[in-house]
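Take a look at the structure below.
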Amino acid sequence: MRRLAVIVTLGAALPAAAAPRFVCPEVITVSAVWFDSGALGVHVAVIHRDGGKPSHDGATYTLDDTLAERLEEDFGPFAPLVLRRIEARVQELSGPYRDATVSQEVLHCLQTIHRHLPYRVRSHVGLHQNTELWVHRLARELRRRMGHTMIITSGNRSPEKQAAAMYGKLARGSRYRRLYKKRKLAEEIRQAYRAARRKGMRRQEIIQAMTRVIEEQMRRGCYVSAHLKQVAVDVRSYDMIRRVRRVFRRVTEQVDGVKLLIEKRPPHFHLEVPPTAVVTGCPRLEIQQPEESEECKDPEDR
């Protein structure tokens with residue numbers, strides 16, 4: 001059988017209490033496996049901790065309706081992260097082959113994976129592992145109640161990505177004072193936007209000017225958005241009917257520490273999740289939050 005490999009790093013420990021097969025996985029390699037029958041599978045190679053020492057192990061999975069159950073047995077609460085990396089590997093195979101049989105098998109496998117995955121993450125979006133596990137918890141409940149698949153359109157942001165997002169809001173005429181409770185920081189960025197516009201700068205030059213302000217704020221220990229601290233995601237809402245939106249709000253209200261903000265330009269939900277590890281016994285999973293300056297601290301701020 002043929003194998004094509006790609007390295008995926010989990011970088012977070014599995015809890016001993018869950019008793020998974022693979023404990024504390026640090027690096028996972030997902031390889032495509034073509035069986036003699038023509039069926040597509042994956043081999044997941046793991047470097048994990050066995051009695052405190054690194055140990056190499058792995059397992060091969062058929063991409064059928066038993067996949068989610070087997071991942072749950074082997075990886076415990078980290079199964080959703082592994083499943084999404086399997087999804088990414090299979091998606092890479094969707095383009096190179098012209099053979100109709102192979103293409104059909106890849107498509108069938110993707111459909112199988114998506115039945116088990118209650119959320120999708122757009123290709124350009126990066127998420128911290130802990131944040132993604134919070135997302136999975138919410139998405140799983142939403143699918144259970146409404147059958148809806150949650151679409152994540154934004155996650156971790158660099159200063160430049162944050163500037164680009166704020167540029168888009170300003171260009172669309174969004175009401176800044178309602179979106180950003182840290183109004184002083186938002187106003188500093190807005191002033192940079194307006195000054196650059198007056199100078200006739202182009203879009204990318206304006207974003208660069210806004211980026212410099214955000215970077216300077218971060219050096220002062222000030223963060224205008226939780227996206228900069230890896231604890232925020234944006235969820236697409238325009239494809240949700242009213243009842244689904246209502247249930248989604250209820251689901252988020254039932255989880256302690258999760259904050260929800262409704263935005264309209266473009267329509268989406270802004271979610272903030274706690275930085276504390278969603279899985280007990282996994283200290284490496286916790287998101288280390290940067291120390292914020294006293295002038296900027298506000299637990300209710302976005």
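The values are calculated or read from the model by the stated rules, or taken from the named source; none is laboratory data. In this text, all values refer to a predicted model and were calculated from it rather than measured experimentally. With ideal geometry, Cβ positions are generated from the backbone for all residues, glycine too; neighbour counts draw on all protein chains shown.
Within the stretch 104-126, the set of residues being small (Gly, Ala, Ser) and touching a Gly at 6+ places or on another chain (Cβ under 6 Å) comprises just one member, GLY126.
Taking the criterion of being surrounded by 17 or more Cβ atoms within 10 Å (Cβ to Cβ) and either among the basic types (Lys, Arg) or at pLDDT below 90 (or both), the residues of the stretch 264-284 that qualify are ALA277, VAL278, VAL279, CYS282.
Within the stretch 137-156, being surrounded by fewer than 22 Cβ atoms within 10 Å (Cβ to Cβ) and farther than 11 Å from VAL235 by Cα holds for ARG137, ARG140, GLU141, ARG143, ARG144, ARG145, MET146, GLY147, HIS148, ASN156. Taken over the stretch 112-141, the criterion of being assigned to a loop (DSSP other than H, G, I, E, B), of a type in the set (A, V, I, L, M, F, W, C) and within 17 Å of GLU72 (Cα to Cα) is satisfied by LEU117 alone.
For the stretch 124-183, the set of residues classified as under 23 Å from ALA88 (Cα atoms) and hydrophobic (A, V, I, L, M, F, W, C) consists of VAL125, LEU127, LEU133, TRP134, VAL135, LEU138, ALA139, LEU142, MET150, ILE151, ILE152, listed by residue number. Here ARG197 meets each of (1) more than 21 Å from ILE152 (Cα to Cα); (2) out of contact with any Ser or Thr (no Cβ under 9 Å at 6 or more places or on another chain); (3) buried (at least 20 other Cβ atoms within 10 Å of the Cβ) with one exception, condition (3).
Within the stretch 187-206, residues that are farther than 22 Å from CYS296 by Cβ sit with their Cβ atoms under 9 Å from residues that are assigned to a helix (DSSP H, G or I) and not hydrophobic (A, V, I, L, M, F, W, C), at 6+ positions apart or across chains, in these pairs: ALA196/GLU205; ALA196/GLN208; LYS199/GLU205; MET201/GLN208; ARG203/TYR167; ILE206/TYR167; ILE206/TYR193; ILE206/ARG197.
Only one of the numbered conditions (1) surrounded by fewer than 18 Cβ atoms within 10 Å (Cβ to Cβ); (2) more than 17 Å from ARG140 (Cβ to Cβ) is not met by GLN230, and that is (1). Would it be correct to say that GLU105 is charged (D, E, K, R) and either outside any helix (DSSP H, G or I) or assigned by TED's automatic domain parsing to the domain that holds ILE86 (or both)? Spelling it out, GLU105 is indeed charged (D, E, K, R) and either outside any helix (DSSP H, G or I) or assigned by TED's automatic domain parsing to the domain that holds ILE86 (or both). Farther than 25 Å from ILE287 by Cα and among the basic types (Lys, Arg) - does that describe any residue in the stretch 61-75? Within the stretch 61-75, one or more residues are farther than 25 Å from ILE287 by Cα and among the basic types (Lys, Arg).
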